[in-house]
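Scroll down for the structure; my scribbles are underneath it.
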Amino acid sequence: MAGCASLPERGQEPGQWRFLPAGETSAPLADDRRVVLRLVETRAASGIDRRDMAYSTDQQSIAYYRDNRWAASPAVMLNEVIDETLTAQPWVRGVVRGGARVPADLGLYCEINRLEHVIEADAGRVEVRVACSWSRAAERVLVHSMVFNEQVEIDQNDAAHYARGTQELVNVLLAQLVRDGRELAARAISSKGAIPD
């Protein structure tokens, strides 16, 4: 526990950590057709809907790092990197946020249920659980859902390794969303013909 609650070195600012978007892009769709995606604001469970970085030393308790914080709440950061990652895909014409009155082909909503640094003796791991659902935006009909429930071991029980482990899992989640979104976009295009640019 001492590693999690340690003071920063003298003269050093407390750490702030953020998520980064995925850098890879997927292949374009046939005939370079593209879709508009509506990204509904990502939500998080109450215990992690805050900038404090959570850790636990047993299944019954949760605590927070004293001198290290996320740059924004995990839900806000995840929403931003989903937007940036999907916007960069060649099969996406644009990503609209929330209730914007712009017609969209597909909608995406995600909720973070768990983001935690689990400490057991000398071992540590990061656990991330995010539930996402895709819908046909116009009809609000669910077309696909998935639960991302993964963990990664980390070498040291500190905030820096926690942040790196979280980013590793966020990258895997973003890759899954890109794969799912591309497949659903291809289906949406084939079911209704060309989507005009």
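Derivation of every value follows stated rules applied to the coordinates shown; laboratory data play no part. This is a predicted model, so every value here is computed, not measured. Don't worry about glycine lacking a Cβ; one is built from the backbone with ideal geometry, like all the others, and counts go over all protein chains shown.
Key figures
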quantity: Long-range HN-HN contacts of Gly124 with modeled amide H, under 5 Å; calculated: Ile154
quantity: The range 15-63 - convex hull of alpha carbons, volume per residue in Å³; calculated: 167 Å³
quantity: Rg and Dmax of the chain, Cα atoms only, in Å; calculated: 18.7, 63
quantity: Alpha-carbon centroids, the range 39-97 and the range 135-195: separation in whole Å; calculated: 13 Å
quantity: Projected-area mean, the range 122-197, by convex hull of Cα positions, square nanometres; calculated: 6.4 nm²
quantity: Relative contact order of the chain, defined on C-alpha pairs under 8 angstrom at six or more residues apart (%); calculated: 25 percent
quantity: Listed residues Ile62, Ser190, Ala75: farthest to the positive end of the dipole of the chain (Cβ charges); calculated: Ser190
quantity: Computed lengthening from Met146 to Glu41, 0.36 nm per intervening residue step minus Cα-Cα distance; calculated: 36.1 nm
quantity: DSSP loop trypsin sites (Lys or Arg not before Pro) with at most 11 other Cβ within 10 Å excluded, longest remaining stretch of the chain; calculated: 11-100
quantity: Residues whose placed amide H lies under 5 Å from that of Val92, excluding near-sequence neighbours; calculated: Val35
quantity: Residues with amide H under 5 Å from that of Tyr64, placed H, sequence gap 5 or more; calculated: Tyr55
quantity: Kirkwood Rh in Å, taken over all unlike Cα pairs in the range 42-115; calculated: 14.3 Å
quantity: Chain lengthening between Asp155 and Arg66 when straightened (0.36 nm per residue, less Cα-Cα); calculated: 30.0 nm
quantity: Within the chain, percent of DSSP bridges classed antiparallel, to nearest 5; calculated: 65 percent
